[in-house]
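The values are calculated or read from the model by the stated rules, or taken from the named source; none is laboratory data. These numbers were taken from a predicted model, which means no experiment stands behind them. Because the Cβ atoms are built from the backbone with ideal geometry, glycine has one as well, and the counts that use them run over all protein chains shown. These area figures cover heavy atoms from the full protein model, side chains too; ligands, DNA and RNA do not enter into them. Shrake-Rupley method; radii C 1.70, N 1.55, O 1.52, S 1.80 Å.
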Amino acid sequence: MYKTVRSRFKVLITVIIIVVSLIAIKKLIVDPQPVRDIKMNTVYICGFWNRYPVRTQSRYYIEFKKDGTYVLMHDDSRRKQEDYFEDGYWSYPEIEYLSGSYEIKNGNYVLTMIDSAGVEFKDAKAVKNKKINRYSHKNYKDGEKITEKIFLTKKGNYVLGYSGNSLKLYDEKLPYYFLYNKSDIKKLPSSVEEFRKQFKMDKKAEQERLAEEARLTGQSQ
């Protein structure tokens, strides 16, 4: 009887050890981890605050290249249609693309913007069809420093944040985004032209947008 109880106890302990080990492996290897070492030509995904983004949340992507350039993309096109109604007014699915050069200062990545482009979609259905009703592009010949930076935190991980009054630390009162090592996109567009070619202009939707903008402008005058 004693041997049977002892044997069952050993089996139970073994099972517990296996379960704990599997959980630890999943946590450390399978689950996305905050980035502690930035590698070149690697796409990182940025989660809002310190959370990995779920499928329908907006997110940032960033990639640093060996030639001293970067690509930063903000994707707010994944929400459900009803979720674009915020603060009493409608917003629209959109994707913003930035590219430029970077320099590393005190472990932080300071970004200079050279090109910015953006697309807007009429609704969530248009996102699935890759049909846009607005495209914008601006080039900064001399480059333009932007407030977003990649900060190396005291805990050793990287955060996309806003500098505020400090060049060394991100402002925790403003939105910030942890970089994670498991991006759901492996390659970002390498140029504004490549970014634009992903989408088709919906002429009818564009005309509807322009007409609505004209109407609202007329009301405000």
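Screening Y170 against (1) within 27 Å of Y135 (Cβ to Cβ); (2) crowded, with 18+ Cβ neighbours inside 10 Å; (3) free of Cβ contacts under 8 Å to residues at least 40 places away in the same chain leaves a single unmet condition, (1).
Per-residue answers, yes or no, for (1) part of a loop (DSSP other than H, G, I, E, B); (2) more than 29 Å from F64 (Cα to Cα):
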site	(1), (2)
V119	no, no
K149	no, no
V159	no, no
L179	no, no
K182	yes, no
E208	no, yes
A214	no, yes
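In region 138-167, the qualifying residues are those that are open to solvent by 40 Å² or more (accessible area, probe 1.4 Å) and within 16 Å of I62 (Cβ to Cβ), and the one that is modelled with the highest pLDDT is L152. Residues that are part of a helix (DSSP H, G or I) and under 25 Å from T69 (Cα atoms) within region 184-206 comprise V192, E193, E194, F195, R196, listed in sequence order.
Of the listed requirements (1) of a type outside the set (K, R); (2) within 30 Å of D115 (Cα to Cα); (3) modelled with pLDDT under 95, D76 misses just one: (3). Annotation note: of Y102, Y52, the sole residue that is under 20 Å from T153 (Cβ atoms), open to solvent by 20 Å² or more (accessible area, probe 1.4 Å), of a type outside the set (K, R) and not in a strand (DSSP E or B) is Y52. Within region 55-81, the set of residues being open to solvent by 50 Å² or more (accessible area, probe 1.4 Å) and of a type in the set (F, W, Y) is empty. Close contacts from region 110-124, counting a first residue that is under 22 Å from K204 (Cβ atoms) and at pLDDT 95 or above and a second that is in a strand (DSSP E or B) and not hydrophobic (A, V, I, L, M, F, W, C), with Cβ to Cβ under 6 Å and a gap of 6+ residues or different chains, come to G118/E96; G118/S136; V119/Y135; E120/E94; E120/R134.
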